[in-house]
Each structure stands twice: as structure tokens, then as C-alpha cells.
1. Could you please tell me which pairs satisfy a Cβ distance under 6 Å, a separation of 6+ or placement on different chains, a first residue in the stretch 1-17 that is in contact (Cβ under 8 Å) with a residue 60 or more places away in the chain, and a second residue that is open to solvent by 40 Å² or more (accessible area, probe 1.4 Å)?
2. Quick one: count up the residues across the stretch 1-26 that are polar (S, T, N, Q), open to solvent by less than 60 Å² (accessible area, probe 1.4 Å) and under 13 Å from the mean Cα position of the chain (by Cα).
3. Mind checking which pairs have a first residue in the stretch 44-63 that is over 16 Å from I30 (Cβ atoms) and a second that is open to solvent by less than 100 Å² (accessible area, probe 1.4 Å) and β-branched (V, I, T), Cβ under 9 Å, 6 or more apart or different chains?
4. Counting only residues that are among the β-branched types (V, I, T) and farther than 12 Å from N100 by Cβ, which one in the stretch 65-86 is surrounded by the most Cβ atoms within 10 Å (Cβ to Cβ)?
5. Taking the conditions exactly as written (open to solvent by 50 Å² or more (accessible area, probe 1.4 Å) and farther than 15 Å from L4 by Cα), does V92 satisfy them or not?
Amino acid sequence: MRILLRLGAYQLFCQDRIPDHAAVSQTVEIAIQRHGRKAGGLTNAILRRLARERERWETPPEGADEIARLAFFHSHPRWIVQELVSRFGSEVAAKALEINNQRAPLTVCMRDLDSESAIEKFAEF
């Protein structure tokens with residue numbers, strides 16, 4: 001159930017092309033299939049509330065300090081943010097947190113292949 005709720009929440013908050021009703025509906029269907037009608041009802045209630053109160057979940061709590069705001073906006077634990085800020089300052093820490101949330105570039109290590117053989121191998125895909 002926890003994984004389903006995370007998937008549904010991800011669709012609500014991060015997948016702009018998926019309408020809220022579709023994200024909720026699909027997740028509820030899976031919950032019913034896997035865990036029964038009661039689980040489907042619980043999933044429906046939780047995800048509909050998340051969708052309805054989206055703004056509340058997209059803004060940091062009132063009175064949050066700089067560390068809490070950075071942790072909230074960049075989805076990192078407070079202790080990591082605290083460590084980065086204490087070592088590098090707020091500006092550098094914010095940039096590091098932003099970069100840490102980006103998709104890593106693809107890196108390929110070629111062993112026992114020259115560049116021409118590697119190109120041929122990749123062309124097969």
C-alpha cells in the first residue's frame with residue numbers, strides 16, 4: 001500500500017500531463033485489485049485529499065527557517081541541508097541541492113573495446 005500511495009502522490013505532484021482524477025483512479029484500481037475494496041477506499045481518500053490540498057503540500061510550513069525551507073523545496077533531509085549550509089553557506093548549499101535532484105548523465109566505461117567496436121555495439125541497440 002505504501003508503494004501505491006507513493007506512486008499516486010508522485011503522479012499528482014510530478015507528472016503534469018496526468019490529470020489528478022486519472023492518477024487517483026488508476027491507483028485506486030490497483031489498490032482494489034491487490035488489497036481489496038477497503039484499501040481502495042483508503043487510497044482514494046488519501047490521494048483525493050492530497051490533490052485537493054496541493055498548495056498546502058507545495059509550500060513550507062509557516063515560520064520555517066532557512067534550513068527547513070531548503071529541505072522542503074529540495075526534498076532532502078534536514079540534517080543533510082544543515083551540514084551543507086554549515087560547510088558552504090546557503091547559496092552554495094541551495095545550488096548543490098538543486099544539482100543533486102537532477103538526473104545524472106549517462107556514463108559508459110568501455111573495457112576491452114576500441115572506439116569503433118564500441119560504436120558498432122551501441123548501434124545494435
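1. Once the first residue is in contact (Cβ under 8 Å) with a residue 60 or more places away in the chain and sits in the stretch 1-17, no partner that is open to solvent by 40 Å² or more (accessible area, probe 1.4 Å) comes close enough.
2. Count: 1.
3. Taking only residues 6 or more apart or on different chains, the pairs are L50/V24; A51/V24.
4. Filtering first and then ranking leaves V85.
5. Spelling it out, V92 is indeed open to solvent by 50 Å² or more (accessible area, probe 1.4 Å) and farther than 15 Å from L4 by Cα.
The values are calculated or read from the model by the stated rules, or taken from the named source; none is laboratory data. As the structure is a computational prediction, the values presented were derived from the model and not from experiment. Glycine also receives a Cβ, built like all others from the backbone with ideal geometry; neighbour counts cover every protein chain displayed. Accessible surface areas use protein heavy atoms only, side chains included; no ligands, DNA or RNA. Shrake-Rupley method; radii C 1.70, N 1.55, O 1.52, S 1.80 Å.
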